[in-house]
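What follows is one structure encoded as structure tokens, with my remarks underneath.
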Amino acid sequence: MNLFTQYTREEINYLLSLTNTKSTIKIFKGLSSAEVDEILSEKKDIKLSKKQSLVVDKEFLWVKKGEIVLVKDKELLKLKKDMGAFLKVKGYIIVGVKEAEITMFNIKGHNELTSIFYKNVLDLMVEDKIILKG
Amino acid sequence: MAKEFIENYFSKLKEVNNFHLSMLKGYGFKKPTINYILLKPFIDNAISFLSKIDDKLLNGLLLKLYRDVKSLEEFYSQLKEKTKYPEVIFYQEYLETIPEYRKLRDEYENQKALLEELNSKIQRYEEQLKRLNKDDEQYKKTNRMYVDSLHKYSKIKENFENVKNRLKIFEDAKRNEFLKEFEKTRDEELSKLEEILNIKLFYLDKLLWDKAKKSFDIKKFFSQANIDGDFSTKTFIKYFLKNIDTTKSKNKEWLDYLKRILRIVE
């Protein structure tokens, strides 16, 4: 009788994928702060115009339930300090984390910033044992 | 002292619970909204049934999770049975760990043995005296020993009652505190294990149907058997209900169970 069965990361990811239906990550560029405010206040979905390109679309299997991470006007709320230091320098980013969906907005960033930010978020998730696939 | 004993008694269960809960919570495994423990007999049956159709179904991750759930379930049942009567654990295990109690209990046992020994001696003397002539020297000698034994018996008996009393006071003083703490810990930890089993069974069920829907043989079986609906426990319960022979009395219990769990999954 083995009471301590260990599962590999791959096996855990597979099991989690069986109950997660909403699992996208999107990084948007070029949103104005007014648009961001509107999104936050009304909590509505973002519709991409043709000009706003979807930079990354990856699948995530799990994120912290109900948590919203917000960085606005160099003010950092609910984000780890190492990430915060980076973001304070670079500017204006909003990360929404809700149920199985993560949405990140890079308001005044550029491609390089987006990719660094994206990498940092991934590192943060690994640290917090947040599982990702894709 | 009771706390320490109870802590040790449930240490394995706590270790198992912590191991699984940190994995399940840490990775965000979802809690099912229904009680999958009630579905366990059906899931077992479905696995066995589907494995006969596709003998490659139960392997890899499904087999690993199935065995994991089985081990945990066995552990759960054993513990539930073992801890059903805390009073027995109190008397047979806990009190034995207290030196003061052991000393008192040994004294009680010794005195009891002495009394039994003296009692049989007294009975022997009484028998002998009945057979002897009162004028005989042997009668007087036996009578003296008889009186001495009676005297000794009453003295030991007095001491025995005292020890017995002290033993009872000791047990009463410890019992309530022990039972309260034991039952609290048992209920808390067993319900954590139930939670773990429930989540694991939920994922076992999901994984089973995820694999079943990819199996050529099972897909063929579903099609030939005209099973409507998706590949799920709910669909399969309905299929079982449709095909059960209700004229056979041995199926009555199974039929009632299927109806009950169908209401749960619907």
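In segment B:76-83, is there at least one residue being under 17 Å from B:Asp187 (Cα atoms) and assigned to a loop (DSSP other than H, G, I, E, B)? Checking segment B:76-83: at least one residue is under 17 Å from B:Asp187 (Cα atoms) and assigned to a loop (DSSP other than H, G, I, E, B).
Against the definition (in contact with a Leu (Cβ under 7 Å, 6 or more places away or on another chain) and of a type in the set (A, V, I, L, M)), how does B:Ile218 come out, yes or no? It is true that B:Ile218 is in contact with a Leu (Cβ under 7 Å, 6 or more places away or on another chain) and of a type in the set (A, V, I, L, M).
Residues of segment B:36-69 that are within 14 Å of another protein chain (Cβ to nearest Cβ) and surrounded by fewer than 16 Cβ atoms within 10 Å (Cβ to Cβ): B:Asn59, B:Gly60, B:Leu63, B:Arg67.
Considered as a group, the residues in segment B:95-112 that are of a type in the set (Lys, Arg) and without any contact (Cβ under 8 Å) to a residue 24 or more places away in the chain include one that is farthest from the other protein chains (Cβ to nearest Cβ), and that residue is B:Lys103.
Scan segment B:112-150 for residues that are out of contact with any Lys or Arg (no Cβ under 6 Å at 6 or more places or on another chain), of a type in the set (Ser, Thr, Tyr) and surrounded by 13 or more Cβ atoms within 10 Å (Cβ to Cβ) and the total you get is 4. With respect to the stated conditions, B:Lys14 is within 14 Å of another protein chain (Cβ to nearest Cβ), outside any loop (DSSP other than H, G, I, E, B) and in contact with an Asp or Glu (Cβ under 7 Å, 6 or more places away or on another chain). For segment B:7-34, filtering for residues that are among the aliphatic types (A, V, I, L, M) and modelled with pLDDT under 90 leaves 0.
Taking segment B:70-94 as the range and being within 14 Å of chain A (Cβ to nearest Cβ), touching a residue at least 40 places away in the same chain (Cβ under 8 Å) and among the acidic types (Asp, Glu) as the test, only B:Glu73 passes. If you go through segment B:11-34 and pick out every residue that is open to solvent by 50 Å² or more (accessible area, probe 1.4 Å) and either of a type in the set (Val, Ile, Thr) or over 21 Å from the mean Cα position of the chain (by Cα) (or both), you end up with 6. Cβ separations smaller than 6 Å between residues 6+ apart or across chains give no pair from segment A:1-19 residues that are more than 7 Å from chain B (Cβ to nearest Cβ) to residues that are modelled with pLDDT of 85 or more. Looking only at segment B:215-225, decide whether some residue is in contact (Cβ under 8 Å) with a residue 60 or more places away in the chain, closer than 30 Å to B:Lys31 by Cα and small (Gly, Ala, Ser). Scanning segment B:215-225, I find at least one residue that is in contact (Cβ under 8 Å) with a residue 60 or more places away in the chain, closer than 30 Å to B:Lys31 by Cα and small (Gly, Ala, Ser), so the answer is yes.
The values are calculated or read from the model by the stated rules, or taken from the named source; none is laboratory data. Keep in mind that this is a model prediction, so the values were computed, not measured. For neighbour counting, all protein chains shown are included, and Cβ atoms are generated from backbone atoms with ideal geometry for every residue, glycine included. Accessible surface areas use protein heavy atoms only, side chains included; no ligands, DNA or RNA. Shrake-Rupley method; radii C 1.70, N 1.55, O 1.52, S 1.80 Å.
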